[in-house]
Every structure is written in structure tokens, then in C-alpha cells.
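What follows is calculated from the coordinates using simple rules that are stated; it is not laboratory data. No experiment lies behind these values; they were computed from the predicted model shown. With ideal geometry, Cβ positions are generated from the backbone for all residues, glycine too; neighbour counts draw on all protein chains shown.
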Amino acid sequence: MIEVKQIVRIFKYQQLELADPGRELSPEQVVEFYSGVYPELVKATVEGPELQGTREIYRMERAVGRKGCEKSPPRLITIKELARGGKKRHNNVRRRKRSDAHSGF
């Protein structure tokens, strides 16, 4: 005789095992459901399922990155800045007039 067993979905977040709030929800919707309790899950990804007997294990991994924004690209510097040791000239620094530059001041 064939025995039918129901598969149970389990959602793991860090060391916690979270119950399935509803089989009709997709794994992404489950993450959205739990983000009300665990705000760090707002941008989490779901990995799985991994079958262990009659259990489908989904792992919720929170996104790693800087708080509040995407990582900004590195700042490009000009040749003049490179000649000054990578230091950018500030706008409030008085610039010499062309006549001053030729007179040696």
C-alpha cells in the first residue's frame, strides 16, 4: 500500500524555524509576511527548497550591504588631483590670477 505524506514547508531565518503562514503563499510572499516582525527581511532573498524527509526547508537570507543605499562607485580623480597627492582642491581656496602666476606670487 502506498502511504501519502504531506510535505511541510519550514522557513529558516538565522537560528529560527518559522511556520508556514499559508500554503497558498509563495515563498517570497512568506518573506513579506514575516518582514512585519523582522524588518531586516524586507530585502531578503529566499533559497530552497531543500528536502529533508517530509519537510521543505526554505532559507531566508537578509541582504548584506550598507544601510540606506547602494554602495557608491569609487571617486575618480583628475591628473591635477593626482599630482597633489590625491587631494581635491576646495572651492573656498583663493586661486591665483594669471598675472600672479607669472609674477612668482
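Some notes on this structure:
- Net lengthening on full extension, A63/V4 (0.36 nm per residue, minus Cα-Cα): 17.5 nm
- Environment charge of R23, counting only residues whose C-beta is closer than 12 Å and scoring Lys/Arg +1, Asp/Glu -1: -2
- Shape parameters for segment 8-61, alpha-carbon atoms, Rg then Dmax in Å: 10.2, 31
- The order of K43, K12, K80, going from fewest to most other C-beta atoms within 10 Å of their C-beta, is K80, K43, K12.
- Modelled FRET efficiency - R0 30 Å, E40 with A19, Cβ distances, 0.05 increments: 0.95
- Fewest-first ranking of F33, F11, using other Cβ atoms within 10 Å as the exposure measure: F33, F11
- Here segment 8-61 is assigned +1 on the Cβ of each Lys and Arg and -1 on the Cβ of each Asp and Glu. Its dipole about the Cα centre then comes out at about 100 debye.
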